[in-house]
Amino acid sequence: MNTTHEEPAQAVARPEWLPTDVYPFHLRGIELPSGRVTYVDEGEGPVLLFVHAGMWSFIFRDVITRLTDRYRCITLDFPGFGLSPGGSDEQTLPALSRTLGEFVTALGLDDVTVVAHDLGGLTALGWAAGEPERVRGFVMANTFTWTPDGIGLRAMLSLMSSRTITALGAATNFVPRITSTWFGVGRHLDHRERAAFLGPFKDPAKRRRFHRLMRSALDETEYTARVDTAITAELHDRPILTIFGERNDMFGFQRRHEARFPNHRSLIIEKGNHFPMMDAPDLFAETVSEWWGSEITETL
């Protein structure tokens, strides 16, 4: 079990728009074969690896600050997203999954519990499918981990990744702006915190990559099929905790997770939206900690 910080990290300069009191973490950087990533590695204890694809690690801020007294909390921004430089407009979920594997290897992480949100679910499961021995369990927050197969889900992904919406998003930044409100991460944020969340999206390229990841979820059928196979084979017995917002599970993702993992527990955040970790961080953190203590410790 990895409880200490022994990775070859380098300090990362803090952007002027990201005050320490708003984002109270030491920023670290590491060179990987697929590019340089900026990441957070706070606390000591069992490893919780927080994974998101498309937005950035700010979404886990409130939960990480509540768990570092008991866990080693790690999250990264993939190349070209968030605080990480570089990246290509052609970034795909398989590419991000490979980066995640490089990152885990570079930090020498084992006995990992993954906490995934949104497209971070498919990203993290793609890595876990290749290295199941490193993974002890999953926390899935408003995410899916299968080939998109419903008309509604496929229509949403197709719309959000269309040329028109991608161009509109790059020009107007409408998705991050909406996300910064009460509908997304902004229920408990003040104006300085909202400005910090929006900081990385000053770059139109980072806005475009978000939309193109949506297309990747539709197009990478071989990749998603491999995730499906791993869940029914190597990862089938892993404990899973699902945490979803009451108002944001129109496609029935939470029930589908429960059907795929027999050792499951579920929490619905009352009046929660797409970011339950920001809507109710106290409840989210305490539920993760209690579940980990009762379910994951049995597998160690």
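Count, please, the residues in segment 102-133 that happen to be under 11 Å from the mean Cα position of the chain (by Cα) and surrounded by fewer than 18 Cβ atoms within 10 Å (Cβ to Cβ).
Within segment 102-133, residues that are under 11 Å from the mean Cα position of the chain (by Cα) and surrounded by fewer than 18 Cβ atoms within 10 Å (Cβ to Cβ) number 0.
Kindly check whether there is at least one residue in segment 280-293 that is aromatic (Phe, Trp, Tyr), touching a residue at least 60 places away in the same chain (Cβ under 8 Å) and within 23 Å of GLY150 (Cβ to Cβ). I'd like the intermediate steps shown before the answer.
Going residue by residue through segment 280-293, those that are aromatic (Phe, Trp, Tyr) are 284, 291-292.
The next check asks that each one be touching a residue at least 60 places away in the same chain (Cβ under 8 Å); those that pass are 284, 291-292.
Now drop any that are not within 23 Å of GLY150 (Cβ to Cβ), which leaves none.
So far as segment 280-293 goes, no, none of its residues is aromatic (Phe, Trp, Tyr), touching a residue at least 60 places away in the same chain (Cβ under 8 Å) and within 23 Å of GLY150 (Cβ to Cβ).
For the subset of segment 139-162 comprising residues that are among the hydrophobic types (A, V, I, L, M, F, W, C) and within 13 Å of the chain's Cα centre (by Cα), which member is surrounded by the fewest Cβ atoms within 10 Å (Cβ to Cβ)?
PHE144
Tell me yes or no: at least one residue of segment 61-69 is closer than 17 Å to PHE210 by Cβ and of a type in the set (Ser, Thr, Tyr).
First, the residues of segment 61-69 that are closer than 17 Å to PHE210 by Cβ: none.
Within segment 61-69 (the criterion being closer than 17 Å to PHE210 by Cβ and of a type in the set (Ser, Thr, Tyr)), the answer is no, since none of the residues qualifies.
Quick one: what pairs do we get from segment 260-278, first residue among the small types (Gly, Ala, Ser) and modelled with pLDDT of 95 or more, second open to solvent by less than 10 Å² (accessible area, probe 1.4 Å) and part of a strand (DSSP E or B), C-beta under 7 Å, 6+ apart or different chains?
Final answer for the pair search is SER266/THR242; GLY272/GLY245.
Quick one: which residue in ARG177, ARG136, ARG187, ARG192 is modelled with pLDDT of 95 or more, in contact with a Ser or Thr (Cβ under 6 Å, 6 or more places away or on another chain), within 29 Å of PRO281 (Cα to Cα) and open to solvent by 10 Å² or more (accessible area, probe 1.4 Å)?
Only one candidate passes the filter, namely ARG136.
Please go through (1) of a type outside the set (A, V, I, L, M); (2) modelled with pLDDT under 95; (3) open to solvent by 10 Å² or more (accessible area, probe 1.4 Å) for THR65 and return the number of the only condition it doesn't satisfy.
Exception for THR65: condition (2).
Show the residue pairs that are 6+ apart or on different chains and have beta-carbon atoms under 6 Å apart, the first residue being within segment 179-205 and free of Cβ contacts under 8 Å to residues at least 40 places away in the same chain and under 15 Å from SER57 (Cβ atoms), the second being crowded, with 20+ Cβ neighbours inside 10 Å and of a type in the set (Lys, Arg).
PHE201/ARG207
Considering only residues that are among the β-branched types (Val, Ile, Thr), closer than 16 Å to GLY137 by Cα and open to solvent by less than 10 Å² (accessible area, probe 1.4 Å), which ones fall in segment 250-300?
VAL288, ILE296
Provide a single number: the residues in segment 30-60 that are more than 15 Å from TYR71 (Cβ to Cβ), touching a residue at least 40 places away in the same chain (Cβ under 8 Å) and not aliphatic (A, V, I, L, M).
Matching residues across segment 30-60 total 10.
Just to be sure I understand, how many residues within segment 122-153 are out of contact with any Gly (no Cβ under 9 Å at 6 or more places or on another chain) and of a type in the set (Asp, Glu)?
2
What are the residues in segment 198-248 that are modelled with pLDDT of 95 or more, among the aliphatic types (A, V, I, L, M) and not in a helix (DSSP H, G or I), if any?
Correct list: LEU235, ILE240, LEU241, ILE243.
So, of the residues in segment 69-101 that are open to solvent by less than 30 Å² (accessible area, probe 1.4 Å) and part of a helix (DSSP H, G or I), which turns out to be farthest from ALA205 (Cα to Cα)?
GLY101
Here are some residues: THR145, THR164. Which one is in contact (Cβ under 8 Å) with a residue 40 or more places away in the chain and hydroxyl-bearing (Ser, Thr, Tyr)?
Criteria check complete, one pass: THR145.
Among what's in segment 30-66 and is among the polar types (S, T, N, Q) and over 13 Å from the mean Cα position of the chain (by Cα), pick the residue that is farthest from ALA205 (Cα to Cα).
Among those that are among the polar types (S, T, N, Q) and over 13 Å from the mean Cα position of the chain (by Cα), it is THR65.
List the residue pairs whose Cβ atoms are under 9 Å apart, where the first residue sits in segment 5-27 and is more than 24 Å from ALA106 (Cβ to Cβ) and among the polar types (S, T, N, Q), the second is at pLDDT 95 or above and assigned to a loop (DSSP other than H, G, I, E, B), and the two are 6 or more positions apart or on different chains.
THR20/ARG14
The values are calculated or read from the model by the stated rules, or taken from the named source; none is laboratory data. This structure is a prediction, so every number in the text was calculated from the model and none was measured. Cβ sites come from the backbone with ideal geometry, for glycine too, and all protein chains shown count toward neighbours. To get the accessible areas, we keep the full protein, side chains included, count just its heavy atoms, and leave off ligands, DNA and RNA. Shrake-Rupley method; radii C 1.70, N 1.55, O 1.52, S 1.80 Å.
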